[in-house]
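Working notes, beginning with the structure itself.
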Amino acid sequence: MPDTNITPADTLAIIPINTGFLGAVPAGSQLIVNGTANSGAFVNTNGLLAQSVGLPVTEAGTDYTLEFPDADLNTNRVLTVHHTIFSGKFYLQLNPLRIISPVPVDLVGRIPNNGQNAAGSVVTALFGPGNNGRSARLFIDYGNGFALDKTVTIANNRAVFANIQHDNSNVPVTGVETLAFIIGDL
């Protein structure tokens with residue numbers, strides 16, 4: 001990020017190039033990091049990071065909120081997500097040496113199209129080692145006053161969001177306003 005001083009002693013969590021969500025995003029878009037829109041972490045028009053991103057982390061945990069730009073996701077469905085947010089602490093573990101990241105390594109599931117009902121949807125978030133026992137919250141704000149909200153515990157490196165709640169509203173034809181994964185502390 002601009003104005004962030006990194007020293008040789010700092011440990012960095014690396015989010016690799018080509019991480020993100022395949023889809024269509026406006027040219028020149030950037031990853032928003034902790035509210036900084038001009039992060040310098042550019043996202044290609046296909047929705048994937050244009051370069052690897054390094055985030056300083058500590059043993060005590062370092063909070064980051066990462067927001068991908070407005071996108072029409074390229075899945076087997078047609079779903080527009082205006083704000084995709086991942087929030088949680090990254091941890092440096094010394095024995096064995098590794099970074100514990102709150103960002104899922106994969107998302108799979110059954111989702112609705114724009115304009116359809118989300119009843120029966122299931123989303124499974126897969127996480128790297130060290131995340132078991134953390135809470136994982138999936139929050140989907142339709143932008144029309146309706147939201148889906150479910151919190152589960154990460155077990156076996158996965159969080160399964162199913163039977164979220166009865167969906168009293170269809171996904172707007174313009175897509176959802178916010179899709180957020182909020183991961184609790186270790």
Could you identify the single residue in Leu73, Leu79 that is over 24 Å from Asp185 (Cβ atoms), in contact (Cβ under 8 Å) with a residue 60 or more places away in the chain and open to solvent by less than 40 Å² (accessible area, probe 1.4 Å)?
Leu79
Identity of the residue in region 90-110, of a type in the set (S, T, N, Q) and touching a residue at least 12 places away in the same chain (Cβ under 8 Å), that ends up farthest from Leu66 (Cα to Cα)
Gln93
Test: Asn157 is surrounded by 13 or more Cβ atoms within 10 Å (Cβ to Cβ), on the phi < 0 side of the Ramachandran plot, touching a strand residue (DSSP E or B) at 6+ places or on another chain (Cβ under 9 Å) and modelled with pLDDT of 95 or more:
no
Could you tell me whether Thr19 is surrounded by 13 or more Cβ atoms within 10 Å (Cβ to Cβ), assigned by the TED database to the domain that holds Ser87 and over 20 Å from Leu107 (Cβ atoms)?
no
In region 32-59, what count of residues is obtained for those that are in a loop (DSSP other than H, G, I, E, B) and either hydroxyl-bearing (Ser, Thr, Tyr) or closer than 26 Å to Gln116 by Cα (or both)?
5
Search region 117-145 for residues being hydroxyl-bearing (Ser, Thr, Tyr) and surrounded by 17 or more Cβ atoms within 10 Å (Cβ to Cβ), and hand back the single one that is nearest to Leu179 (Cα to Cα).
Tyr142
Could you figure out which of (1) under 17 Å from Ile183 (Cα atoms); (2) surrounded by fewer than 19 Cβ atoms within 10 Å (Cβ to Cβ); (3) in contact with a strand residue (DSSP E or B) (Cβ under 7 Å, 6 or more places away or on another chain) isn't true of Ala60?
(3)
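Test Phe90 against the criterion of being surrounded by 15 or more Cβ atoms within 10 Å (Cβ to Cβ) and within 12 Å of the chain's Cα centre (by Cα), and give yes or no. Walk me through it before giving the result.
On the way: surrounded by 15 or more Cβ atoms within 10 Å (Cβ to Cβ): yes; within 12 Å of the chain's Cα centre (by Cα): no.
Spelling it out, it is not the case that Phe90 is surrounded by 15 or more Cβ atoms within 10 Å (Cβ to Cβ) and within 12 Å of the chain's Cα centre (by Cα).
The values are calculated or read from the model by the stated rules, or taken from the named source; none is laboratory data. Being a predicted model, the structure only gives us computed values, none of them experimental. With ideal geometry, Cβ positions are generated from the backbone for all residues, glycine too; neighbour counts draw on all protein chains shown. Each accessible area value is taken on the protein alone, full model and side chains, heavy atoms only, with ligands, DNA and RNA left out. Shrake-Rupley method; radii C 1.70, N 1.55, O 1.52, S 1.80 Å.
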